[in-house]
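The values are calculated or read from the model by the stated rules, or taken from the named source; none is laboratory data. In this text, all values refer to a predicted model and were calculated from it rather than measured experimentally. Here the Cβ positions follow ideal geometry from the backbone for every residue, glycine too, while neighbour counts run over all protein chains shown. Ligands, DNA and RNA are excluded from the accessible area calculation, which covers all protein heavy atoms including side chains. Shrake-Rupley method; radii C 1.70, N 1.55, O 1.52, S 1.80 Å.
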Amino acid sequence: MTEEARKDVARMGLKGVTLKKFEEIVADILLHCTPVYSPLPGLPDAWTRHRISSCILENPVFRAKHENDRRIFNNLCSRDDCDNKDRVVGKHDIEMPSEWPFDSLPFDARVISYTNGSSTRNNQTSTNVVESASDLPIMKATTTLHGMRAVRKEWQLKSLMQCVLSMLPPSIFEPLLSIEDEGCVQEKLRIVDFAGGTGHLSIPLAIMLPRVDVILVDLKRSSLDRAREKIESLMKMPTPTMNKDPSDDNRIKEQVIINRDAEMKSKDERYSDTVTVHDNVLEPTAIPNLYLYHGSISSFAKDHTDFDIGLGLHACGEATDLILRASGTVGANFIVSPCCVGKLNQTRRDPYIYHATARNEPTITYPQSSTFCKIIPQSGAQFDVLAKAADYSDWQDMRTCRNANRRTAKALVEMDRLLYMKETHGYDQVVLTKMDPWEASPKNDILMGWNHGHKKGLVSPYWKDVRASSNDALPTCNECNNDIKTSMDQLLCPPDEKNNRVHADWNMGDCNKVKQTLLKFAKGSGRIMRFPPGEGKHMRKLVHSIAEELNLRHWSEGKKNAEKIVVVGK
C-alpha cells in the first residue's frame with residue numbers, strides 16, 4: 001500500500017469510523033515517526049545500595065534520627081488503644097517504608113514525616129528523642145500531601161532517583177580510605193534540580209550523594225524558604241523531650257488548619273498579578289553539598305554553565321523545554337518528567353512564563369524538531385490540538401487500551417522534544433521511558449539524554465544492558481509500547497488487516513454486547529433498528545464501528561448530543 005493510500009485509510013480509521021481531529025494528526029505523524037519506550041533503569045546493585053545507606057548512617061545526626069524514627073514507629077505499632085487513634089493522624093500516611101532508599105532516609109527528608117506536639121509549623125518535623133509511649137508525637141505529613149498522594153509522590157521520586165544513580169560513575173560510591181584520597185577524587189559532579197519546589201527530590205539526593213553538589217532552583221521564594229526550614233530541622237540532633245502539655249494536641253490541630261490556609265494562599269501566588277523579584281545567587285544550606293537558587297531556569301543557565309545533570313520533576317508546560325535547553329547548552333545529561341503539556345498550546349496562559357519574564361507570550365514555538373515541522377506547521381493550530389489531547393490524566397484507563405490514542409499523542413509530544421535535543425544539541429542517545437509503577441502519576445513519562453565519553457565519567461543508564469546484549473541497541477519495554485501499537489493498528493492498518501481485532505477505545509464486554517445486539521437484528525425481520533438516546537458519543541462510535549464490520553447500513557439522527565441516536569438498517 002502506498003503512503004497516500006495509507007493516509008486515506010488513516011483518515012477514516014478503524015472500520016470506517018471518522019477520526020477526531022487529533023487522531024488525524026497522530027496518524028500523520030505515526031506515518032513518519034514512531035515513539036519507542038525503553039524500560040526504567042533499574043536500582044543499583046546490592047553493594048551500591050548498601051554503600052549509599054551506610055554513607056547516610058555514617059552521619060551522626062542522620063543515624064540518631066533514623067534510630068528515633070524506628071523507635072517511634074515500633075511504639076506506635078504496639079499501641080491499639082483509643083487514645084492512639086486520636087493521636088495518630090492518618091496511620092497509613094506514616095507506615096515505615098520497606099523499599100530502598102526511603103528505608104535509609106530520615107523521615108525529615110521524606111514527603112511523609114511526623115511532628116511533635118510542641119511543633120508549631122506544618123512543615124517542620126520533630127527533633128525530640130522518644131523515650132516512652134507518653135512521648136509519642138503527633139504523626140502527619142510534612143507537606144499537604146497525605147495518604148496515596150504522598151505514596152505516589154515517593155514513587156515519582158524513586159523513579160527519578162533510579163535514573164540519576166544509573167548515570168553516575170561507580171567511583172562515586174567507593175569509600176574514601178583516607179583524607180589524602182579526597183585530593184585524588186575527580187572534579188565534583190553537579191546536579192541541578194530545576195523547578196524543585198521545597199526540595200522533595202534535591203534534599204534526599206544531597207543526603208545520598210555527599211560527594212556530589214546538588215542545586216535546588218525555583219522561582220518562588222516561599223518554596224525555597226520551606227526547603228531551608230526542612231533542611232535546618234533535618235540537620236538538628238534529636239534532644240530529650242520534656243513532658244508534653246495535653247492541650248498541645250488542640251493547638252496542633254488549630255495550627256494545621258492555619259498552615260493549610262497558608263499553603264493554599266501560596267498556591268494562589270502562581271496566578272497572582274505580582275511579578276516575583278529574583279535573587280539569582282547560589283545560597284549555601286546546612287547540608288554542605290546542597291545549594292538554593294532563587295531565580296528562573298533561564299537565568300540560572302545564563303549564570304552557571306558547569307553542571308552535569310539537569311533534573312525536572314513535573315515542570316509545567318514550557319518550563320520542561322527550558323530545562324532541556326539549559327542542559328543542552330552546557331552538554332549536561334538530562335532527566336525530566338514533563339507535566340501539563342496542554343499549556344504548550346499557544347493560546348493558553350502559562351504562569352511560569354509570566355513570573356519568569358513578566359510577560360505572558362510563549363518564548364518557544366512548537367513543534368520544535370525538524371522532523372515534526374515537516375509534518376505539521378510550526379506555531380499552527382495542529383500542534384495545539386495535539387497538545388490539548390495529550391494533556392490526559394484519567395487513572396481508570398491506565399494499562400487498558402481505552403484512550404490509547406490520547407496517550408500516544410502525549411508520547412509524540414515528548415518525542416518532538418527528544419528529537420529536537422538530538423538534532424540541535426547533538427546528544428548521542430535520547431530515551432523515552434515511564435515511571436515505575438505507572439500509577440505514580442498520570443504524567444508518568446520520563447525523558448533522558450546523555451553523551452558518551454563524559455569528562456567527569458557519567459555513563460549510559462543502560463550500560464549494563466548494552467554490555468550484556470549482542471549489539472548496541474537500547475532495551476525496549478513491550479508493555480510501555482502497547483499504546484503505540486494499539487494506535488497504529490487502529491489508525492494505520494488497512495481494513496482487511498483489522499478484522500478480528502479488539503477495538504482500541506472499547507473493552508471486550510462492550511464490543512460483544514453491541515455485536516450480539518446487531519447480530520440478533522440482522523437475523524430478525526425488522527428493517528431498521530434505532531438505538532436509544534443518551535448513549536453518549538463513545539458508545540455511538542462503537543455502534544457505527546461494529547455495524548460497519550457486519551456490513552450493515554448505519555447513520556446518526558438528531559442535532560444535539562442528548563438527542564443524537566444511531567440508526568442501523570439492512
*Quick one: how many residues across the range 483-506 are at pLDDT 90 or above, of a type in the set (S, T, N, Q) and either outside any helix (DSSP H, G or I) or open to solvent by 80 Å² or more (accessible area, probe 1.4 Å) (or both)?*
0
*Which numbered condition His452 misses (of (1) farther than 23 Å from Ser327 by Cα; (2) surrounded by fewer than 17 Cβ atoms within 10 Å (Cβ to Cβ))*: (1)
_Pull out all pairs, ordered by first then second residue, where Cβ-Cβ is under 8 Å, the residues are six or more apart or on different chains, the first lies in the range 34-45 and is more than 14 Å from Arg407 (Cβ to Cβ), and the second is among the acidic types (Asp, Glu) and part of a strand (DSSP E or B)._
none
*How many residues are buried (at least 24 other Cβ atoms within 10 Å of the Cβ) and more than 20 Å from His425 (Cβ to Cβ) if we restrict to the range 297-325?*
2
*Restricting the first residue to the range 232-243 and requiring it to be over 18 Å from Pro210 (Cβ atoms) and open to solvent by less than 50 Å² (accessible area, probe 1.4 Å), which pairs with a second residue that is at pLDDT 80 or above and aliphatic (A, V, I, L, M) meet a Cβ separation below 6 Å and a spacing of at least six or different chains?*
Pro238/Ala64
*asked:* Checking the condition more than 13 Å from Glu23 (Cα to Cα), touching a Pro at 6+ places or on another chain (Cβ under 7 Å) and either modelled with pLDDT of 95 or more or not acidic (Asp, Glu) (or both), which residue from Glu414, Glu423 passes?
replied: Glu414
*asked:* Yes or no: the range 428-436 includes at least one residue that is buried (at least 17 other Cβ atoms within 10 Å of the Cβ) and farther than 30 Å from Ser171 by Cα.
replied: no
*Scan the range 326-344 for residues that are under 17 Å from Ser460 (Cβ atoms), in contact with a Ser or Thr (Cβ under 6 Å, 6 or more places away or on another chain) and open to solvent by 20 Å² or more (accessible area, probe 1.4 Å) and report the count.*
0
_Could you check the range 207-228 and list, in sequence order, the residues that are open to solvent by less than 20 Å² (accessible area, probe 1.4 Å) and either assigned to a loop (DSSP other than H, G, I, E, B) or without any contact (Cβ under 8 Å) to a residue 24 or more places away in the chain (or both)?_
Leu209, Leu219
*Can you tell me which residues in the range 507-563 are part of a loop (DSSP other than H, G, I, E, B) and open to solvent by less than 50 Å² (accessible area, probe 1.4 Å)?*
Gly524, Gly526, Phe531, Gly536, Leu550, Leu552, Gly558
*Report, by residue number, each residue of the range 189-206 that is open to solvent by less than 10 Å² (accessible area, probe 1.4 Å) and in contact with a strand residue (DSSP E or B) (Cβ under 9 Å, 6 or more places away or on another chain).*
Leu189, Ile191, Val192, Asp193, Phe194, Gly199, Leu201, Ser202, Ile203, Leu205, Ala206
*Please tell me if Arg11 is modelled with pLDDT of 90 or more, surrounded by fewer than 18 Cβ atoms within 10 Å (Cβ to Cβ) and more than 27 Å from the chain's Cα centre (by Cα).*
no
_Yes/no for Val459 being surrounded by fewer than 23 Cβ atoms within 10 Å (Cβ to Cβ) and in a helix (DSSP H, G or I)_ = no
*Is there any pair with a first residue in the range 393-415 that is open to solvent by 10 Å² or more (accessible area, probe 1.4 Å) and a second that is acidic (Asp, Glu) whose Cβ atoms are under 7 Å apart and which are 6 or more apart or on different chains, and what are they?*
Met398/Glu439; Arg402/Asp505; Asn403/Asp394; Asn403/Asp397; Asn403/Asp505; Arg407/Asp483; Lys410/Asp445
*asked:* Could you check the range 40-55 and list, in sequence order, the residues that are open to solvent by less than 40 Å² (accessible area, probe 1.4 Å) and either within 17 Å of Met161 (Cα to Cα) or touching a Cys at 6+ places or on another chain (Cβ under 9 Å) (or both)?
replied: Leu40, Pro41, Pro44, Thr48, Ile52, Ser53, Cys55
